Structure formats: structure tokens, C-alpha cells
Amino acid sequence: IYENEEIRNMYTALGVTVGTLDDPKALNLVKLRYHKLIIMTDADVDGSHIATLILTFIYRYMKELVEQGYVFIAQPPLYLVKKGKEQAYAWTEEQRKSLVEKIAGGKEDSVNIQRYKGLGEMNSEQLWETTMNPNTRTLKRVTIESAAEADRIFSMLMGDEVAPRREFIESHAKYAKLDI
């Protein structure tokens, strides 16, 4: 895996190497350049899958970053609800409905609802305000437990055993929202 150019670039950008005096396989954080590694993906199902892949890699090869509390996941909103000059962001369908109720008395046709299919649909000001500005963004710290769960799910979905994968897909299909 260390032969992969993108992986080498990531290690170089972070300033980490493999190997310490105590353990030749441990991640060496002596020259770590950043104490916040923020994973920023789209707020939809595809973004969640990408975040799971990244978390799995970090958990397997850079676990020390998680153990030190340096890994975060940005939480971009799914919706912008606007009526006149009043606007608010929503991260879930339930929050969107609540905002429509609050701003427009539940009348959806009287508000403008923008659903973000991806980070690229936000203009630079919206992306800064919701996801990048340290004063207003929402970050979720990754714990060993959440990274281990991402690793477990990834291993199950990509593994050779069909039955657990089928069971997972069937039990989680109700949460999928197709964007077609």
C-alpha cells in the first residue's frame, strides 16, 4: 500500500512516517503538521461511503491519529430553507420539515428549499459558512469505536461472504434515498 503515490502524498502532507524507536510498524507522529484531519464529503449516501473508505484506511494504517483525537468528519448540511431574507440550514429531513414549519407555518410552497446533492452545489460563501469556518462549522470527532465500526462495515461489504452483506443491505435499504 505504501507504493501507492496518493498514499505516499498523504503521509508526506501530514508529515508522518512509519516506524518509531519502540515499534517499527507504528505511525511516527513526531513531525505531524496538523492536529485536525478533517474528512469532508457530500452529505448524501455516496459521501458516507467515501467517508467510510477513508476512515477504514485511517483506522488500519493511521490508528494513532484517531487515538490522539485528531480525526474529524465535517458535517455539511443537506438543505437550505429560505423565505425572504430568513434562511436556515438543515442536516436531516426532520430538521428541514421543522424549519418549513417554523419559517412558513408548514407551507412548503411558500419557501425555497435547496437540496445539496454535493458540496459542489454550494457557492463558496455557503461552503465557508456551513462547513469550513471554524466558528460556525460542525465537526464530529472520530473515535476508535466509530472507526472500528467503519472498518467492520467495509470489511463485511467488500468481503467474500455473501450472507452478511445481503442481510446488511436488506436491513438498511429503508434508509437509502435514491437521487434519480
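Does Ser155 satisfy being assigned by TED's automatic domain parsing to the domain that holds Phe72, within 14 Å of the chain's Cα centre (by Cα) and outside any strand (DSSP E or B)?
Values: assigned by TED's automatic domain parsing to the domain that holds Phe72: yes; within 14 Å of the chain's Cα centre (by Cα): no; outside any strand (DSSP E or B): yes.
No, not satisfied.
If the condition is being surrounded by 10 or more Cβ atoms within 10 Å (Cβ to Cβ), of a type in the set (A, V, I, L, M) and over 14 Å from Phe57 (Cα atoms), then region 1-31 contributes Ala13, Leu14, Val16, Val18, Ala26, Leu29. Among the numbered conditions (1) touching a helix residue (DSSP H, G or I) at 6+ places or on another chain (Cβ under 7 Å); (2) modelled with pLDDT under 90, the only one that Ile39 does not meet is (2). Would a scan of region 96-103 turn up a residue that is within 19 Å of the chain's Cα centre (by Cα) and on the phi < 0 side of the Ramachandran plot? Among the residues of region 96-103, not one is within 19 Å of the chain's Cα centre (by Cα) and on the phi < 0 side of the Ramachandran plot, which makes the answer no. Considering region 84-146, the qualifying strands (runs of 3 or more DSSP E), each wholly inside and each with 3 or more residues that are within 26 Å of Leu55 (Cβ to Cβ) and in contact with a strand residue (DSSP E or B) (Cβ under 9 Å, 6 or more places away or on another chain), run over 139-141. Close Cβ contacts (under 8 Å, 6 or more residues apart or on different chains) running from residues in region 34-54 that are more than 22 Å from Val16 (Cβ to Cβ) to residues that are of a type in the set (Phe, Trp, Tyr) and outside any helix (DSSP H, G or I) comprise Asp42/Tyr116; Ala43/Trp91; Ala43/Tyr116. Taken together, Val66, Val81 contain a single residue that is assigned to a helix (DSSP H, G or I) and either charged (D, E, K, R) or touching a helix residue (DSSP H, G or I) at 6+ places or on another chain (Cβ under 8 Å) (or both), which is Val66. The residues in region 116-165 that are modelled with pLDDT of 85 or more, surrounded by 16 or more Cβ atoms within 10 Å (Cβ to Cβ) and among the charged types (D, E, K, R) can be counted, and the count is 2.
From the list Asp46, Asp42, which one is surrounded by 18 or more Cβ atoms within 10 Å (Cβ to Cβ), among the acidic types (Asp, Glu) and assigned by TED's automatic domain parsing to the domain that holds Val16? Full working, then the answer.
Numbers: Asp46 fails: surrounded by 18 or more Cβ atoms within 10 Å (Cβ to Cβ).
The conditions single out Asp42.
Take Thr41 and decide whether it is outside any loop (DSSP other than H, G, I, E, B) and either under 25 Å from Thr131 (Cβ atoms) or polar (S, T, N, Q) (or both). Here the answer is no, as Thr41 does not meet what is asked.
If you scan region 56-72, which residues turn out to be surrounded by fewer than 21 Cβ atoms within 10 Å (Cβ to Cβ) and within 16 Å of Arg137 (Cβ to Cβ)? First the steps, then the outcome.
The initial filter retains those residues of region 56-72 that are surrounded by fewer than 21 Cβ atoms within 10 Å (Cβ to Cβ), namely 56-57, 60-61, 63-64, 67-70, 72.
Of everything in region 56-72, just one residue is surrounded by fewer than 21 Cβ atoms within 10 Å (Cβ to Cβ) and within 16 Å of Arg137 (Cβ to Cβ), namely Phe72.
Among the residues making up region 107-139, a single one is among the basic types (Lys, Arg), under 18 Å from Val45 (Cα atoms) and under 17 Å from the mean Cα position of the chain (by Cα): Lys117.
The values are calculated or read from the model by the stated rules, or taken from the named source; none is laboratory data. Bear in mind that the values here come from a model prediction, so they are computed numbers and not experimental data. Counting neighbours? That spans all protein chains shown, and the Cβs are built from the backbone with ideal geometry, glycine included.
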